[in-house]
Amino acid sequence: MLSEAPGLHSGPRRPVGDALTDLAAVRLYLTGSTAAMDAAIRAATTGPHVPLARCVASGLRRLPSHRGGAVLRAALSPAERAWYREGSVVVERSFLAALSALRPALPGDTDILLWSLTARRTALVVPELPDRLLFTPGTRFKVLRAVGGDRPAVLMREMAASELDDEGQPREERAPLDEIALTGLDQLHALWQRAEDPAGDGAVGDPLPPEHVNSFRAAPGLFQPPPGVPPVPAATSHPGTTPERGGNP
């Protein structure tokens, strides 16, 4: 892969061994128990997952980025949905998996639609799931809209560091990119609804392989023990490490 895509070296002076280590870490993460590792990162616990996560993050920065819509589906309580207030900023502490294409029958009860600026496409490393995207830890999202009704949804967009003040809040209450992202996400959500309507005519991809069914259900900014993974005891809290649950983003 490195010989076919020399740009993954991230510069002619960077050792090939560094790129190989980073990209191997990405593949190790994606083909392993991602849910357990993500839970440990969100709980700010120490352990062997920490150096691996650093290598994974470095490897992701070598991969192509995705700009545009991304989707996942989460199981949220009414209080958790209410936590996503319009205009608020939420921080995802771990890696966040999403899809660049629509897939049928994703588990969960709330559609999460994200406008990506820097999510990485992982198909070069794990081609078996070509539409998988990964956001790196620390990604901030601005809540653009929360939709209720029979099919709840939360629409958010990724924020660039230059848009945030020293306290991590938006410098502008409403930015031009908000409207651009909202228009794209509204269209994507309408397409998603038509695709899953038995009477609709929308196009949707194949169902996820069974081993990946639960890989795209982590709600950004919330600490939710994943299905089948025991809760991870949180480390001693200090600023910027422990995700919030149901509080102010």
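The values are calculated or read from the model by the stated rules, or taken from the named source; none is laboratory data. No experiment lies behind these values; they were computed from the predicted model shown. Counting neighbours? That spans all protein chains shown, and the Cβs are built from the backbone with ideal geometry, glycine included. All accessible areas refer to the heavy atoms of the entire protein, side chains included, with ligands and DNA or RNA removed. Shrake-Rupley method; radii C 1.70, N 1.55, O 1.52, S 1.80 Å.
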The lone exception for residue 206 - which of (1) within 24 Å of residue 141 (Cα to Cα); (2) modelled with pLDDT of 60 or more; (3) in a loop (DSSP other than H, G, I, E, B) it fails: (1)
Failed item in (1) farther than 30 Å from residue 54 by Cα; (2) modelled with pLDDT under 95; (3) of a type in the set (D, E, K, R), with residue 145 passing the rest: (2)
Residues of segment 101-121 that turn out to be charged (D, E, K, R), farther than 19 Å from residue 80 by Cα and surrounded by fewer than 23 Cβ atoms within 10 Å (Cβ to Cβ), as a count: 2
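Just give me the residues in segment 122-138 being open to solvent by 50 Å² or more (accessible area, probe 1.4 Å) and under 15 Å from residue 215 (Cβ atoms), in sequence order. Steps first, please.
Of segment 122-138, the ones open to solvent by 50 Å² or more (accessible area, probe 1.4 Å) are 124, 127-128, 130, 137.
Within segment 122-138, 128, 130 qualify.
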Assess whether residue 97 counts as being within 22 Å of residue 224 (Cα to Cα) and either out of contact with any helix residue (DSSP H, G or I) (no Cβ under 9 Å at 6 or more places or on another chain) or open to solvent by 40 Å² or more (accessible area, probe 1.4 Å) (or both). no
Has segment 151-162 got any residue that is touching a strand residue (DSSP E or B) at 6+ places or on another chain (Cβ under 7 Å), modelled with pLDDT under 95 and under 19 Å from residue 89 (Cα atoms)? yes
Go through 155, 129, 144, 188 for me and flag whichever is in a loop (DSSP other than H, G, I, E, B) and either closer than 22 Å to residue 74 by Cα or of a type in the set (Phe, Trp, Tyr) (or both). 129
